[in-house]
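K.L.:
Sending over a structure as structure tokens; questions will come in a sec.
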Amino acid sequence: MDRFLIRGGQRLHGTLNTSGSKNAALPALAACLLTADPVTLEGIPNVRDINTMERLLAHTGATVKREGHNLTVAAHELSKPEAPYDVVKTMRASSLVLGPLVARAGVARVSMPGGCAIGARPINLHVTALESLGATTHQDHGYIEARAKDGLRGQLVTFDKITVTGTEDLMMAATLAHGETIIENAAREPEVEDVAQLLTKMGAKITGAGTSTIRVQGVKRLHGATHRIIPDRIEAGTFLIAAAITAGEVRVTGCQPLHLGALIAKLRHAGVTVTEENADTLLVSSNGPLRSTDITTEEHPGFPTDLQAQFMALMTQAAGISFVKENIFENRFMHAPELARMGANIRIDGRQAIVAGATPLSGAQVMATDLRASASLVLAALVAKGETLIDRVYHIDRGYERIEEKLQGAGADITRVA
Ligand code: EPU
């Protein structure tokens, strides 16, 4: 099992380039199942979750061709409209195929996800939404089966709770339904908007994506298209924090500053200088002491839960008390005890972590528990004195493309060891 060996203390300097968004690419790949024509997606990151989705699409009968960062999916026939347990257990986003499969094939079988390191992560909202569109569902042997032999019917669906992949799943299904679907309390994440753009290129009629009300007018069929995925705002955000925590100066290129508003505001509050050099480049530098800063994770455009762990690592280096409140997932503080092993002073009180800084960190052997938690350990290790060995980096490989090579390019002392 791969590990990262990091020798801390280097200030990052240079350029860090952003890959395409994992969380936009996953629903975009699922959307390819909605048409028999080939769809080409550009800027797809080469990370483990995407490879898993490629396998899942192939399992359903689609062919998937990769050329560098471009993927072409052709789902001429869906011979096996299901997401088996082996795939779902490694990637919960597999539930994204539920809507497209039932809309196109009239039937879908998707393994129910179990719990995961960051919380229960049920898919009840996806299922109820599809039922509103007329699908009948049945659960047994750990699978949920949805059927809509005569097609789905447009409806008003109001989500009880904002869900990102739930919104995407329903929006995709609604593109082929009879009549209009109105989605209320929809997620407003940029990834939802990106999938809507792809679907529109495929012939779907969608308005309002990016707001909390999305309208989808169903069409008979969708066709092929070519679409470039948006930059990964979580990877870019991780790089901004990497520059800040090492008191470095870094240019983060190929990003979309508009998607990073909440993080940039908090970094500035903490005393970090962030300048928009041009439409896709941010210059970030930090040399003074960092100021304690509170964050509360919220749905977009609030502070993203996917950057909470990384920001907590940064706050261990800020003078004073910072309150970090996690509102989206119930168990997303697994990085805190690992950061504490490196010398951080963090107390967990329910959904809130109280970080007292600044504490010097020292290298230690630590364990990655989930994707974003692993990123926070890498960040802490970059500033820790001595060597840190991070175990189970397969978690980080799920969502960051060659992170060690990118960080090496900016002067970090990080190597992958077997
Ligand atoms: N929820 C339910 N029922 C559902 C769906 C969600 O109760 O049917 C709850 C969840 O348990 C959670 C909340 O609703 O408490 C919000 O979850 P959401 O459905 O929005 O999360 P998701 O769609 O499963 C996506 C990202 C996550 C990101 C969250 C929140 C993808 C593939 N995944 O997950 O990304 O944390 O939205 O922004 O888009 C990551 O990349 O590390 C990651 C975990």
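K.L.:
Any chance you could list P(r) for the stretch 28-99, counting all Cα-Cα pairs in 10 angstrom bins from zero, rounded to whole %?
P.N.:
Result, from short to long distances: 22, 57, 21 percent.
K.L.:
For the stretch 384-418 and the stretch 71-121, what is the centre-to-centre distance using only Cα atoms, to the nearest Å?
P.N.:
Between the Cα centre of the stretch 384-418 and that of the stretch 71-121, the gap is 30 Å.
K.L.:
Calculate the dipole size of the stretch 22-228 relative to its Cα centre from +1 charges on Lys and Arg beta carbons and -1 charges on Asp and Glu beta carbons; express the result in debye to the nearest 20.
P.N.:
Details: 22 positive and 21 negative charges, 42 e Å.
Taking the Cα centre of the stretch 22-228 as origin, the dipole is about 200 debye.
K.L.:
Same structure, new question: Could you tell me the convex hull volume per residue, in Å³, taken over the Cα atoms of the stretch 151-194? All intermediate terms of the calculation are to be shown ahead of the outcome.
P.N.:
Numbers: hull volume 2.8 nm³, N = 44.
Each residue corresponds to 64 Å³ of Cα convex hull volume.
K.L.:
Continuing with the same structure: When the convex hull of the Cα atoms of the stretch 188-323 is projected onto a plane and the area is averaged over all directions, what value comes out in nm²?
P.N.:
Numbers: hull surface 35.3 nm².
About 8.8 nm², averaged over all directions.
K.L.:
Then there's this: When the accessible area of the stretch 1-111 is computed with all protein chains present and a 1.4 Å probe, what percentage of it is carbon and sulfur?
P.N.:
45 percent
K.L.:
For the chain, what is the charge dipole size about the Cα centre, in debye to the nearest 20, if Lys and Arg each add +1 at the Cβ and Asp and Glu each add -1 at the Cβ? List each step's numbers first, then the result.
P.N.:
Values: 42 positive and 44 negative charges, 37 e Å.
Once rounded to the nearest 20, the dipole reads 180 debye.
K.L.:
Oh, and also: Report the one residue of A279, M202, A93 whose Cα lies farthest in the direction of the positive end of the charge dipole of the chain (charges on C-beta: Lys and Arg +1, Asp and Glu -1; origin at the Cα centre).
P.N.:
Sorting the options by dipole projection puts first A93.
K.L.:
Quick one: plug the Kirkwood hydrodynamic radius of the stretch 307-391 (C-alpha pairs) into Stokes-Einstein at 25 °C, 0.890 mPa s, and report D in µm²/s.
P.N.:
Details: Rh = 12.4 Å.
It comes out at roughly 198 µm²/s.
K.L.:
Rolling a 1.4 Å sphere over the protein heavy atoms, what is the accessible area per residue of the stretch 176-256, to the nearest Å²? List each step's numbers first, then the result.
P.N.:
Numbers: 2780 Å² over 81 residues.
Accessible area per residue, the stretch 176-256: 34 Å².
K.L.:
Starting from the Cα gyration tensor of the stretch 22-228, multiply each eigenvalue by 5, take the square root, and state the resulting semi-axes largest first in whole Å. Write out the running numbers ahead of the final one.
P.N.:
On the way: eigenvalues 90, 79, 58 Å².
Gyration-tensor ellipsoid for the stretch 22-228: 21, 20, 17 Å.
K.L.:
Contact order normalised by length for the chain, with contacts defined as Cα pairs under 8 Å and 6 or more residues apart; what percent is it? Let's see the in-between values first.
P.N.:
Working: 1067 pairs, mean separation 88.5, N = 418.
About 21 percent, as a whole number.
K.L.:
Volume per residue, Å³, of the convex hull around the alpha-carbon atoms of the chain? Display every interim value, and only then the final one.
P.N.:
Values: hull volume 50.5 nm³, N = 418.
Convex hull of Cα atoms, per residue: 121 Å³.
K.L.:
Within the stretch 196-237, which trypsin sites (Lys or Arg not before Pro) sit in a loop by DSSP and count at most 13 neighbouring Cβ atoms inside 10 Å?
P.N.:
Here the sparse-neighbourhood loop sites are K220, R221.
K.L.:
Now a separate question. Under the rule of -39500 (n - 2.57) per DSSP H run of 4 or more residues, summed and divided by the residues of the chain, what mean residue ellipticity at 222 nm is obtained, to the nearest 500 deg cm²/dmol? Write out the running numbers ahead of the final one.
P.N.:
Details: 14 runs with 128 residues, N = 418.
Calculated mean residue ellipticity at 222 nm is -8500 deg cm²/dmol.
K.L.:
The stretch 163-239: which GluC sites (Glu not before Pro) are DSSP loop and have at most 16 other beta-carbon atoms within 10 angstrom? Could the numbers behind the result be given before it?
P.N.:
On the way: sites: E168, E180, E184, E191, E193, E235; in loops: none.
Passing both the DSSP loop test and the Cβ count: no residue.
K.L.:
Ignoring ligands, DNA and RNA, what percent of the accessible area of the stretch 120-258 is carbon or sulfur (1.4 Å)?
P.N.:
47 percent
K.L.:
Next question. Which links in K205/K406; K201/K266; K205/K266; K161/K205; K266/K406 stretch past 31 Å when you go from one Cα to the other?
P.N.:
Numbers: K205/K406 39 Å; K201/K266 36 Å; K205/K266 37 Å; K161/K205 25 Å; K266/K406 24 Å.
Table pairs above 31 Å Cα-Cα are K205/K406; K201/K266; K205/K266.
K.L.:
If amide hydrogens are placed 1.01 Å from N in the peptide plane, which non-local residues have theirs closer than 5 Å to the one on S292?
P.N.:
HN-HN under 5 Å from S292: A319.
The values are calculated or read from the model by the stated rules, or taken from the named source; none is laboratory data. All values reported here derive from a predicted model rather than from experimental measurement. A quick note on method: Cβ atoms are made from the backbone with ideal geometry, for glycine too, and the neighbour counts reach across all protein chains shown. Surface accessibility is based on the protein's heavy atoms, side chains included, excluding ligands, DNA and RNA. Shrake-Rupley method; radii C 1.70, N 1.55, O 1.52, S 1.80 Å.
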